[in-house]
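Working notes, beginning with the structure itself.
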Amino acid sequence: MAYNDLSNKIKQWDNRAAQWMGRHFYIILFEAILGIIFIMAFINALKILNTGFYVRKDDVTQQLLLSQSLNTTLIVMLLILIALGLLNIINNNTRLRGVLKNIEFSLSRRRPED
């Protein structure tokens with residue numbers, strides 16, 4: 001009986017350690033990387049807007065290049081925001097899966113042994 005109790009405790013500690021690593025390490029790492037990329041894209045967008053003040057109105061080529069670079073920067077920023085949203089959804093699913101595993105583990109310990 002003591003061996004089963006010790007085994008269950010070890011399984012519970014292993015499950016909690018895996019939850020902590022999955023929840024706090026990888027998600028935060030990916031969020032930090034995407035956050036840094038988003039900040040860099042935002043700074044790039046500000047630089048593009050700043051150069052827009054110096055573009056001559058009668059030069060069609062410069063106007064088209066400015067509009068193309070601004071549109072591309074906005075698309076990149078939106079894609080990064082979508083990636084952050086998906087990462088948040090994945091994180092919530094991981095947490096929900098962990099809660100369900102804890103519930104299942106607690107319920108399996110309460111079942112009478114045959």
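The values are calculated or read from the model by the stated rules, or taken from the named source; none is laboratory data. Fair warning: this is a prediction, and the values are worked out from it, not measured in the lab. Neighbour counts are summed over all protein chains in view; Cβ atoms, including those assigned to glycine, are modelled from backbone coordinates with ideal geometry. The accessibility values were calculated without ligands, DNA or RNA, using every heavy atom of the protein model including side chains. Shrake-Rupley method; radii C 1.70, N 1.55, O 1.52, S 1.80 Å.
Checking each residue in the range 45-60 for being part of a helix (DSSP H, G or I) and open to solvent by 40 Å² or more (accessible area, probe 1.4 Å) picks out L46, K47, L49, N50, T51, V60.
Take K9 and tell me if it is assigned to a loop (DSSP other than H, G, I, E, B) and more than 30 Å from I89 (Cβ to Cβ). So K9 fails the test. Considering only the range 77-88, I want to know if a residue exists there that is closer than 30 Å to F105 by Cα and in contact (Cβ under 8 Å) with a residue 40 or more places away in the chain. Yes, because at least one residue in the range 77-88 is closer than 30 Å to F105 by Cα and in contact (Cβ under 8 Å) with a residue 40 or more places away in the chain. Of the residues contained in the range 61-76, none is found to be closer than 30 Å to R109 by Cα and open to solvent by less than 90 Å² (accessible area, probe 1.4 Å). Restricting to the range 77-102, name every residue that is more than 16 Å from the chain's Cα centre (by Cα) and either among the hydrophobic types (A, V, I, L, M, F, W, C) or within 23 Å of I39 (Cβ to Cβ) (or both). Listed by number, the residues that qualify are V99, L100. Residues that are charged (D, E, K, R) and not in a helix (DSSP H, G or I) were ranked within the range 77-114; the one that is surrounded by the most Cβ atoms within 10 Å (Cβ to Cβ) is R111.
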